[in-house]
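The values are calculated or read from the model by the stated rules, or taken from the named source; none is laboratory data. What you see is a predicted model; the values in this text were computed from it and never measured. Here the Cβ positions follow ideal geometry from the backbone for every residue, glycine too, while neighbour counts run over all protein chains shown. For accessibility, only protein heavy atoms count, side chains too; no ligands or nucleic acids. Shrake-Rupley method; radii C 1.70, N 1.55, O 1.52, S 1.80 Å.
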Amino acid sequence: MTYNFDWSVLWSGQTGAWLVFGFVKTLQLSVLSWLLAVGLGMLSGALRTVPFALVRWCATFYVEFFRNVPLLVWMFFWYFGVSLLLPQIAQDWLFDHGAEYWAGVCALGVYHGARISEVIRSGIQSIPKTQFEAAASTGLSVAQSYCYIILPVALRLIIPPATNESLNLLKNSSVALTIGVAELTFQTRQIETYTAKAFEALTAGTLIYLILCLAVAFVMARVERRYAIPGMIAKSSAGIS
């Protein structure tokens, strides 16, 4: 059997517009989810190291609850389950403004927020105790110590593992196609169905993901070199899987 390659299907007709739309949607989904994940990760990661047992327990519950359930389950949960618990006016707004998109953002954000939390925690725990003691000796409260001293140092230490989690989030955005988000993988499948050219469509999607991930890795490598603290590196967290 001979396969006839036809790469022109990627830019002829409306297929090119589908690829561009999927590319943009993937970027939007990934950026919003990343912002949510970083916010949740920084908060819960810091709370897991404070000297208050109840606060640590609550942060640990968040991490263990969200990271130990498959992402696909969270996609379905946020789309089919959570929306039913909202007031009718909120449901109407969501379904008028892409409920599947916002469900995807929430699912990716809370799932990867739990994983980033472990990265943040490992960064904080790799900081010498003398840093905490020095902060306390200047009269700073626990919250001020974390805001002005501990977290800024930890963020500089965890750039490599944080980059890895960011790349995972970008690649996992493809799971959102299962709830109807028209991101890049969704659009490549649509092109495949429309043109019957699976190899060309999936190759295009693969290369776009590869370029995106390499670009993120390149930028983060530059950031790491710029802000690295000589002689310090975050310990690997055994809890990250």
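Within the stretch 49-66, count every residue that is open to solvent by 40 Å² or more (accessible area, probe 1.4 Å) and within 24 Å of CYS106 (Cβ to Cβ). Let's see the steps before the verdict.
Taking the stretch 49-66 first, the residues open to solvent by 40 Å² or more (accessible area, probe 1.4 Å) are 51-58, 60-61, 64-65.
Checking which are within 24 Å of CYS106 (Cβ to Cβ) leaves us with 55, 57-58, 60-61, 64-65.
Final tally of qualifying residues: 7.
Within the set ILE124, ILE150, the sole residue that is over 26 Å from LEU214 (Cα atoms), of a type outside the set (Phe, Trp, Tyr) and touching a Leu at 6+ places or on another chain (Cβ under 9 Å) turns out to be ILE124. Of all residues in the stretch 87-127, those that are outside any helix (DSSP H, G or I) and open to solvent by 60 Å² or more (accessible area, probe 1.4 Å) total 2. Among the residues of the stretch 60-68, is there at least one that is farther than 30 Å from ALA198 by Cβ, in a helix (DSSP H, G or I), basic (Lys, Arg) and in contact (Cβ under 8 Å) with a residue 24 or more places away in the chain? Checking the stretch 60-68: at least one residue is farther than 30 Å from ALA198 by Cβ, in a helix (DSSP H, G or I), basic (Lys, Arg) and in contact (Cβ under 8 Å) with a residue 24 or more places away in the chain. Open to solvent by 80 Å² or more (accessible area, probe 1.4 Å) and either assigned to a loop (DSSP other than H, G, I, E, B) or among the aromatic types (Phe, Trp, Tyr) (or both): does that describe TRP74? The answer is no for TRP74. Scanning the stretch 187-229 for residues that are aliphatic (A, V, I, L, M), open to solvent by 40 Å² or more (accessible area, probe 1.4 Å), within 19 Å of the chain's Cα centre (by Cα) and more than 18 Å from PHE23 (Cα to Cα) turns up VAL219, MET220, VAL223. Inspection of the stretch 11-32 identifies no residue that is open to solvent by 90 Å² or more (accessible area, probe 1.4 Å) and either in contact with an Asp or Glu (Cβ under 8 Å, 6 or more places away or on another chain) or over 30 Å from LEU207 (Cβ atoms) (or both).
Here is a list: GLY81, GLY45. Which entry is within 22 Å of ALA162 (Cα to Cα) and either at pLDDT below 90 or part of a helix (DSSP H, G or I) (or both)?
Numbers: GLY81 fails: within 22 Å of ALA162 (Cα to Cα).
That would be GLY45, the only listed residue that is within 22 Å of ALA162 (Cα to Cα) and either at pLDDT below 90 or part of a helix (DSSP H, G or I) (or both).
Inspect all residues belonging to the stretch 172-188 and state whether any of them is of a type in the set (Asp, Glu) and closer than 22 Å to VAL69 by Cα.
We begin by selecting, within the stretch 172-188, every residue of a type in the set (Asp, Glu); these are 183.
Retained after the next criterion (residues that are closer than 22 Å to VAL69 by Cα): none.
No, there is no match, as no residue in the stretch 172-188 is of a type in the set (Asp, Glu) and closer than 22 Å to VAL69 by Cα.
Could you list all residues from the stretch 1-10 that are in a loop (DSSP other than H, G, I, E, B) and either basic (Lys, Arg) or surrounded by 13 or more Cβ atoms within 10 Å (Cβ to Cβ) (or both)? Across the stretch 1-10, the qualifying residue is only ASP6.
Would you confirm, using the coordinates I've provided, whether LEU184 is surrounded by fewer than 21 Cβ atoms within 10 Å (Cβ to Cβ), more than 14 Å from GLY41 (Cα to Cα) and at pLDDT 90 or above? So that I can check it myself, show each step before the final result.
On the way: surrounded by fewer than 21 Cβ atoms within 10 Å (Cβ to Cβ): no; more than 14 Å from GLY41 (Cα to Cα): yes; at pLDDT 90 or above: yes.
In short, no.
Scan the stretch 140-148 and tell me whether some residue there is outside any helix (DSSP H, G or I), modelled with pLDDT under 95 and open to solvent by 10 Å² or more (accessible area, probe 1.4 Å). Checking the stretch 140-148: at least one residue is outside any helix (DSSP H, G or I), modelled with pLDDT under 95 and open to solvent by 10 Å² or more (accessible area, probe 1.4 Å).
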